[in-house]
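Chemist: Please see the structure below; I have some questions.
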Amino acid sequence: MKYPLLSLVCISLLSACGSDIVVLAPDGPQTITFDFDTGKQGWQAAYSDYPTDNADIYELSSGILSLPDDTTHNGFFMSGMNRSDDLFMYLKARFTGFEPLTRYTANVDMTIYSNAGDDCFGVGGAPGSSVYLKFGYAETEPKQDDYYLNVDKGNQSNGGANANVIGDMVIEGLPCEGTEFSSKTIKTTEENQLEFTSAADGSIWFFIGTDSGYEGRTDVYYDKISITVQPAI
């Protein structure tokens with residue numbers, strides 16, 4: 001089934017383009033797609049589950065970079081050394097234009113680049129199968145509060161009230177040394193799609209990230225992200 005593609009529209013804020021992504025209140029399935037070739041497109045990089053007073057040892061970095069196998073296209077890169085055995089690295093964006101206080105479902109279809117092979121050994125867990133991809137939502141901005149995320153994303157292989165596990169970082173056939181990157185596509189299903197209620201102002205935050213049980217460095221490029229929303233039945 002094909003879904004109509006929504007345009008990305010920036011809200012004017014203090015004479016500059018703000019970070020909100022505006023959608024038309026959907027009365028059926030509608031899809032918004034991001035490819036990051038022209039920048040962050042309303043998404044922000046963030047981290048949680050680590051001590052901010054000792055952040056340097058986590059080697060956190062993010063930004064728009066050329067894709068590993070295609071320098072003509074960009075991805076949103078995130079990286080961190082998981083010294084807390086629980087680092088959460090995520091992208092977040094605020095969407096507006098929904099009907100207020102209305103129940104919706106959301107599905108994501110995305111392509112990432114990973115350098116984590118299958119059946120590879122790592123401290124605390126494997127660099128691929130112990131790094132879990134999550135798709136979540138929040139009525140207010142998701143951010144680190146003291147040490148943890150301020151909404152319930154669950155922990156590592158377990159989802160939470162605000163987030164579901166949708167995959168991991170494993171790409172079969174890659175060497176365990178982490179010297180090569182390859183792409184994979186991850187999609188939600190009926191079992192792990194999100195259900196949420198829009199806020200009173202018709203907004204919602206979505207976030208996508210890696211929840212790591214591997215006590216090493218994780219590098220990930222988000223190539224394309226498509227989010228499909230529709231009223232819940």
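The values are calculated or read from the model by the stated rules, or taken from the named source; none is laboratory data. The structure displayed is predicted, hence computed values, not measured ones. In this analysis, Cβ positions are derived from the backbone assuming ideal geometry, glycine residues included, and neighbour counts consider all displayed protein chains.
Chemist: Out of the residues in the range 1-38 meeting the condition of being β-branched (Val, Ile, Thr) and at pLDDT 75 or above, tell me which one is farthest from Thr102 (Cα to Cα).
Modeler: Within the range 1-38, the first condition is being β-branched (Val, Ile, Thr), and the residues that meet it are 9, 11, 21-23, 31-33, 38.
Then keep just the ones that are at pLDDT 75 or above; that gives 21-23, 31-33, 38.
Numbers: Ile21: 18, Val22: 16, Val23: 14, Thr31: 18, Ile32: 19, Thr33: 22, Thr38: 32 Å.
In this case the residue turns out to be Thr38.
Chemist: Can you tell me which of Ile171, Ile204 is touching a Lys or Arg at 6+ places or on another chain (Cβ under 9 Å), within 16 Å of Tyr222 (Cα to Cα) and surrounded by 19 or more Cβ atoms within 10 Å (Cβ to Cβ)?
Modeler: Numbers: Ile204 fails: within 16 Å of Tyr222 (Cα to Cα).
The unique qualifying residue is Ile171.
Chemist: Looking at the range 85-116, which of the residues that are small (Gly, Ala, Ser) and crowded, with 22+ Cβ neighbours inside 10 Å is farthest from Pro68 (Cα to Cα)?
Modeler: Checking each candidate, the answer is Ala116.
Chemist: Another one. Going by what's in this entry, would Val151 be described as under 21 Å from Ser182 (Cβ atoms) and modelled with pLDDT of 95 or more? Give the derivation first.
Modeler: Numbers: under 21 Å from Ser182 (Cβ atoms): no; modelled with pLDDT of 95 or more: yes.
It is false that Val151 is under 21 Å from Ser182 (Cβ atoms) and modelled with pLDDT of 95 or more.
Chemist: Separate question: List the residue pairs whose Cβ atoms are under 8 Å apart, where the first residue sits in the range 138-160 and is surrounded by fewer than 16 Cβ atoms within 10 Å (Cβ to Cβ), the second is aliphatic (A, V, I, L, M) and not in a loop (DSSP other than H, G, I, E, B), and the two are 6 or more positions apart or on different chains.
Modeler: Here the result reads Gln144/Ala46; Asn150/Ala138; Asp152/Ala163; Ser157/Val165; Asn158/Val165, each pair linking the range 138-160 to a residue that is aliphatic (A, V, I, L, M) and not in a loop (DSSP other than H, G, I, E, B).
Chemist: Give the residue that is nearest to the chain's Cα centre (by Cα), with candidates limited to residues of the range 33-78 that are buried (at least 20 other Cβ atoms within 10 Å of the Cβ) and of a type in the set (Ser, Thr, Tyr).
Modeler: Looking at the filtered set, the residue picked out is Tyr47.
Chemist: Quick one: count up the residues across the range 173-221 that are small (Gly, Ala, Ser) and either closer than 17 Å to Thr33 by Cα or not in a loop (DSSP other than H, G, I, E, B) (or both).
Modeler: Narrowing the range 173-221 to residues small (Gly, Ala, Ser): 173, 178, 182-183, 198-200, 202-203, 209, 212-213, 216.
So of that shortlist, the ones also either closer than 17 Å to Thr33 by Cα or not in a loop (DSSP other than H, G, I, E, B) (or both) come out as 182-183, 203, 209, 212.
Number satisfying all stated conditions: 5.
Chemist: Looking at the range 79-118 only, could you name the residues that are assigned to a loop (DSSP other than H, G, I, E, B) and either within 14 Å of the chain's Cα centre (by Cα) or within 24 Å of Thr188 (Cα to Cα) (or both)?
Modeler: Those that are assigned to a loop (DSSP other than H, G, I, E, B) and either within 14 Å of the chain's Cα centre (by Cα) or within 24 Å of Thr188 (Cα to Cα) (or both): Asp86, Leu87, Gly97, Phe98, Glu99, Leu101, Thr102, Asn115, Gly117, Asp118.
Chemist: Restricting to the range 16-65, name every residue that is among the acidic types (Asp, Glu) and in contact (Cβ under 8 Å) with a residue 60 or more places away in the chain.
Modeler: Asp20, Asp27, Asp35, Asp49, Glu59, listed by residue number.
Chemist: May I pose another question? Out of all the residues in the range 37-73, which are within 27 Å of Ile204 (Cα to Cα), of a type outside the set (Lys, Arg), part of a loop (DSSP other than H, G, I, E, B) and in contact with a strand residue (DSSP E or B) (Cβ under 7 Å, 6 or more places away or on another chain)?
Modeler: Matches in the range 37-73: Asp37, Gly39, Gln41, Gly42, Trp43, Asp49, Leu60.
Chemist: With the condition kept exactly as written, say whether any residue in the range 187-195 is modelled with pLDDT under 95, more than 20 Å from Ile227 (Cβ to Cβ) and not small (Gly, Ala, Ser).
Modeler: no
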